[in-house]
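Read the figures in this text as sums done on the coordinates, not as results from a lab. Since this is a predicted model, take the numbers as computed values, not measurements. Because the Cβ atoms are built from the backbone with ideal geometry, glycine has one as well, and the counts that use them run over all protein chains shown.
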Amino acid sequence: MSMSKNRIVTIDGPSGAGKSTVARLLAERLGFQYLDTGALYRAVALYLRRQGAGEDVSDETLERLLKGLNIGFSDGRVYIDGEDVSEAVRTPEIGHYSSVFSARRPVREFLLSIQRAYPERYDTVVEGRDMGTVVFPDAWRKFFIDASPQERARRRYLQLLQKGVAVTMEEAMRDVQQRDERDSQRDIAPLRRSPDAVYIDTTSLGIEETIDKMLEFLHGE
Ligand code: DC
């Protein structure tokens, strides 16, 4: 349980729902700092791949490897042993492995205390899959950001195209579906909407409209 005296706004939701953009802008508007926990899971995946870990790696090996990992997040950038890996973690391959390894208990336990330590000194907007349900159940405000699978695949497709990664719309759709399934059906900390989270369907909303809705809720209370 978080003992933080600072205000925490949680944003959970499936991949491609636009959480990162929304969380970053909302933090800016509120004057809060921002934590992208997906980036932490991606950095862990990159590190584990570099250490040669595959999908069938044992819990014992995971625990041993994670002992050697020094991970950091600051000003929207993620670091492994001081190396800025913010771009390196954004490939489709690391996206896949981050989803695979995030289902494993040693990985979730490793990141739990790191995530909880982050808002200790500042008001924070945190973004991920289990922020409102597991990591910060007593957060100040909670949101669940969603969009239709088609719209999320479209956003993912455009995002990758922009980065020069060659994908088809079918591949983007398959990626979104596989990650939805894995992230919401795993045993530990699956993607779930916390009953006290405000649900926002962004399928037909722009980023500004989504932020406005959130601010309305935050200020209206
Ligand atoms: O948000 P993202 O696509 O960058 O997250 C990458 C993967 O990390 C996602 O498929 C599931 C996992 N993840 C998680 O299990 N819990 C979180 N709080 C954040 C991400």
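Quick look at the numbers
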item	result
Shape category assigned to the stretch 65-221 from the gyration tensor of Cα positions, a/c cut at 1.5	rounded
Total lysine pairs under 30 Å (Cα atoms) in the chain, excluding pairs fewer than 8 apart on one chain	10
Antiparallel DSSP beta bridges within the stretch 29-186, percent to nearest 5	60
Proxy reagent accessibility, fewest Cβ within 10 Å first, across 131, 169, 214	169, 214, 131
Residues 122, 34, sorted so that the one with the fewest Cβ neighbours within 10 Å comes first	122, 34
Pairwise centroid distance, computed over Cα atoms, of the stretch 73-87 with the stretch 136-175, Å	22
